[in-house]
Amino acid sequence: DTDCQPEFTGYCSYVTDGDTIEVDGLGKVRFVGVNTPERGVEGYICSKRFVQKLCLNKEVSLDIDDSKYTDKYGRYLAVVIVDGKNLNEMLLREGLAEVMYMPPSEFYPYDWAPNSDGYSHYVSSYSSSNTGSSSLDSSSYIASANSHKFHYTTCRWGKKISEKNKVTFKSRSDAISHGYEPCKVCQP
C-alpha cells in the first residue's frame, strides 16, 4: 500500500508509454520520479503493456507533485495509484523503469526501490512467450521478441534479455530476414 495522498481521481483513457498516461478530466500525466524506455528502445513494449494492464480504462488516483505540478511539456507530474498501490514504485520494483529524480520534488523515488539498478529486466509476464531456443552457442545471435534489434550473445544488451523472451538465430542473415536490425553497440 502507498503513503501517497490522492488529489485527483479519474479514468485512464490512454497509455502513451510506460511513464505517461492520459486521465479523463485532467489530461496528460507523467509518472514522477521514474523513467521508462522510449519507443524503439528495448523495454518500451513491456513497460507500456504493464501500465496498460493496470491502468487502461480503469480508475486511477493521482498524488500530484506539490513541489512542481507540471513538466516543460505541460504534463502533470504525479504518483499514479492503482488499487491502493504506487504504480511508479511498482515499475521500479519490476525492473521496468529507472529512477529519475529531478528536484524540486516532494517525492524521493530512491526510497521506492532502494536496491533497484534500473531497467534490471525488460520482460515480465506481460510480454510474449519464448519464440526461440534458449540454448545458445558462440556462433548464435540473440534478439528479444519485444525489440527489433539483434545482438551477439556476448553483447551487454543481449545478456539482459529474459530467457522466456529470447529469440535466437544461427546467422546474421537469418536475423535480418526475420525483420531484426543489428545492435548499434555490438554491431553483429
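The values are calculated or read from the model by the stated rules, or taken from the named source; none is laboratory data. Model, not experiment: these values are computed from the prediction. Here Cβ is always computed from backbone atoms with ideal geometry, including for glycine, and neighbour counts include all displayed protein chains.
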For region 26-49, name all the residues that are within 16 Å of E181 (Cβ to Cβ) and touching a Lys or Arg at 6+ places or on another chain (Cβ under 8 Å).
E42
Pairs please, first residue from region 48-64 and more than 11 Å from V15 (Cα to Cα), second anywhere and of a type in the set (V, I, T) and buried (at least 20 other Cβ atoms within 10 Å of the Cβ), Cβ atoms under 6 Å, 6+ apart in sequence or on different chains.
V60/V80; S61/I81; D63/V79
Looking at S61, is it in the same structural domain as L96 (by TED's automatic domain parsing), more than 15 Å from L92 (Cβ to Cβ) and either surrounded by fewer than 17 Cβ atoms within 10 Å (Cβ to Cβ) or not hydrophobic (A, V, I, L, M, F, W, C) (or both)?
yes
When A113 is evaluated against the numbered criteria (1) part of a loop (DSSP other than H, G, I, E, B); (2) modelled with pLDDT of 85 or more; (3) under 25 Å from K53 (Cβ atoms); (4) not β-branched (V, I, T), which criterion, by number, is the only one it fails?
(2)
Condition (residue is within 10 Å of the chain's Cα centre (by Cα), among the aromatic types (F, W, Y) and in the same structural domain as G95 (by TED's automatic domain parsing)) applied to region 25-47: is it met by at least one residue?
yes
As an exercise: evaluate A145 against (1) within 30 Å of N86 (Cα to Cα); (2) aliphatic (A, V, I, L, M); (3) modelled with pLDDT of 80 or more and give the number of the one condition it does not meet.
(3)
State yes or no: is S67 hydroxyl-bearing (S, T, Y), surrounded by fewer than 16 Cβ atoms within 10 Å (Cβ to Cβ) and at pLDDT 50 or above?
yes
Filter region 73-89 down to residues that are crowded, with 20+ Cβ neighbours inside 10 Å and of a type in the set (A, V, I, L, M) and give me whichever is nearest to A113 (Cα to Cα).
L87
